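Working notes for the structure below.
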Amino acid sequence: IWWPSIFYVFGSVGFVWAALMAAFGASHPAAHACISAAEREAIEPHARDLRTERETPRETSLTSQLWRSIPWLELTCSPAFLSICAAHFSHNWGQYLLLSWIPKYLTHLGLTLDRGGLLYALPFICAALLDNAAAWIADELLLQRLHFSLRATRKTMQAVAMLVPMACLLSLSWTTDPYVAVGFLTAAVSFGSLSHSGYSANIIDIAPQLAGPLMGIVNTIGTVPGVLANWFAGYVLSQPGGSWAQVFAVSVLVYATGLVAFLRYAQGHELLRPCSPARSVEPRELTTATASEGI
């Protein structure tokens with residue numbers, strides 16, 4: 001079993017998925033073959049409201065005026081938004097580095113691809129599991145027993161998502177056992193996925209109606225470390241005296257910078273004041289944190 005089998009397997013899965021979609025897919029929930037009567041009754045009123053909203057004519061000039069009234073410069077230069085950008089940059093630096101260099105690093109320790117194929121994939125399998133569990137954990141912090149504020153929840157999740165990878169990268173600097181290294185790599189990649197319940201979800205907290213364009217800006221910034229981290233690792237390792245310890249140490253510093261920025265400036269409230277109907281076309285203003293919001 002080698003590279004060609006990978007393409008055959010995933011190509012076959014694609015055909016199976018397409019067949020399932022053709023058999024069970026539907027244009028809207030009410031037309032789905034497997035929907036129950038209770039589900040249909042719960043969904044249909046909301047679906048009708050959405051259809052009515054889409055069919056209602058809107059004043060384009062008013063919509064454009066509202067769009068122009070948004071203080072984009074103040075919003076994108078606000079400390080809360082910039083802290084999200086910093087956290088995303090730092091997170092992606094570490095994740096892109098590990099995604100690209102895990103095979104090279106494990107081969108350096110003597111664990112070649114033919115000996116440890118599944119071990120190479122273990123960090124990402126565990127990340128997929130923990131990523132989904134992170135949403136439940138965040139809900140427990142926010143809504144259930146501990147009653148964290150929204151801002152405290154985001155900061156807690158982000159702190160874990162960066163402190164654990166930082167500790168693991170420092171540990172990778174001295175380990176020589178490839179199987180111990182796989183454990184550290186698995187923990188680093190897995191706990192890094194908690195960022196999706198930290199800075200990533202925080203975009204919706206601070207500007208829910210503008211989350212789309214703001215995420216586009218953040219993602220654009222987040223692609224930069226994908227280039228820089230890989231270039232940096234390749235450059236360091238190609239130099240006389242270059243080592244993996246140096247690569248990991250710089251990555252820890254990048255993580256720490258993003259974490260400090262997020263812990264210091266992240267917010268849990270909407271940054272824009274809601275527009276009332278009476279003043280719907282007036283410029284919106286940035287809000288400040290309230291004393292009751294928590295840390």
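The values are calculated or read from the model by the stated rules, or taken from the named source; none is laboratory data. Model, not experiment: these values are computed from the prediction. Positions of Cβ are generated from backbone atoms using ideal geometry, with glycine treated the same way; all protein chains shown enter the neighbour counts.
Has the stretch 132-142 got at least one residue that is in a helix (DSSP H, G or I), crowded, with 21+ Cβ neighbours inside 10 Å and at pLDDT 90 or above?
Looking through the stretch 132-142, none of the residues is in a helix (DSSP H, G or I), crowded, with 21+ Cβ neighbours inside 10 Å and at pLDDT 90 or above.
What about residue 96, is it modelled with pLDDT of 90 or more, under 19 Å from residue 230 (Cβ atoms) and surrounded by fewer than 21 Cβ atoms within 10 Å (Cβ to Cβ)?
Considered against the rule, which asks whether it is modelled with pLDDT of 90 or more, under 19 Å from residue 230 (Cβ atoms) and surrounded by fewer than 21 Cβ atoms within 10 Å (Cβ to Cβ), residue 96 comes out as yes.
Looking at the stretch 8-24, I want the residues that are aliphatic (A, V, I, L, M) and have a partner that is exposed (fewer than 10 other Cβ atoms within 10 Å of the Cβ) with Cβ atoms under 9 Å, at least 6 apart or on another chain. Which pairs are those?
Listed by first residue and then by second, the contacts come to 23/33.
Restricting the stretch 6-27 to residues that are hydroxyl-bearing (Ser, Thr, Tyr) and at pLDDT 85 or above, which is farthest from residue 45 (Cα to Cα)?
Among those that are hydroxyl-bearing (Ser, Thr, Tyr) and at pLDDT 85 or above, it is 8.
Name the single residue that is farthest from residue 161 (Cα to Cα) among those in the stretch 95-128 being of a type in the set (Gly, Ala, Ser) and within 13 Å of the chain's Cα centre (by Cα).
By that ranking, first place goes to 128.
Given the structure, is residue 243 exposed (fewer than 15 other Cβ atoms within 10 Å of the Cβ), out of contact with any Phe, Trp or Tyr (no Cβ under 9 Å at 6 or more places or on another chain), modelled with pLDDT under 90 and of a type outside the set (A, V, I, L, M, F, W, C)?
Working: exposed (fewer than 15 other Cβ atoms within 10 Å of the Cβ): yes; out of contact with any Phe, Trp or Tyr (no Cβ under 9 Å at 6 or more places or on another chain): yes; modelled with pLDDT under 90: no; of a type outside the set (A, V, I, L, M, F, W, C): yes.
No.
Being in a loop (DSSP other than H, G, I, E, B) and polar (S, T, N, Q) narrows it down to one residue among 153, 112; which is it?
Residue meeting the stated conditions: 112.
Determine if the stretch 251-261 includes at least one residue that is at pLDDT below 90, under 21 Å from residue 103 (Cα atoms) and of a type in the set (Gly, Ala, Ser).
Checking the stretch 251-261: not a single residue is at pLDDT below 90, under 21 Å from residue 103 (Cα atoms) and of a type in the set (Gly, Ala, Ser).
Please go through the stretch 143-159 and pick out each residue that is under 12 Å from residue 263 (Cα atoms) and crowded, with 18+ Cβ neighbours inside 10 Å.
Hits for the stretch 143-159 are 151, 152, 153, 154, 155, 156, 157, 158.
Looking at (1) crowded, with 16+ Cβ neighbours inside 10 Å; (2) without any contact (Cβ under 8 Å) to a residue 40 or more places away in the chain; (3) within 29 Å of residue 129 (Cβ to Cβ), find the lone condition where residue 233 falls short.
With respect to (1) crowded, with 16+ Cβ neighbours inside 10 Å; (2) without any contact (Cβ under 8 Å) to a residue 40 or more places away in the chain; (3) within 29 Å of residue 129 (Cβ to Cβ), residue 233 is out only on (2).
For the stretch 28-78, enumerate the residues that are at pLDDT 80 or above and in contact with an Asp or Glu (Cβ under 8 Å, 6 or more places away or on another chain).
Passing the criteria: only 71.
Can you confirm whether residue 197 is in contact with a Cys (Cβ under 8 Å, 6 or more places away or on another chain) and surrounded by 15 or more Cβ atoms within 10 Å (Cβ to Cβ)?
Considered against the rule, which asks whether it is in contact with a Cys (Cβ under 8 Å, 6 or more places away or on another chain) and surrounded by 15 or more Cβ atoms within 10 Å (Cβ to Cβ), residue 197 comes out as no.
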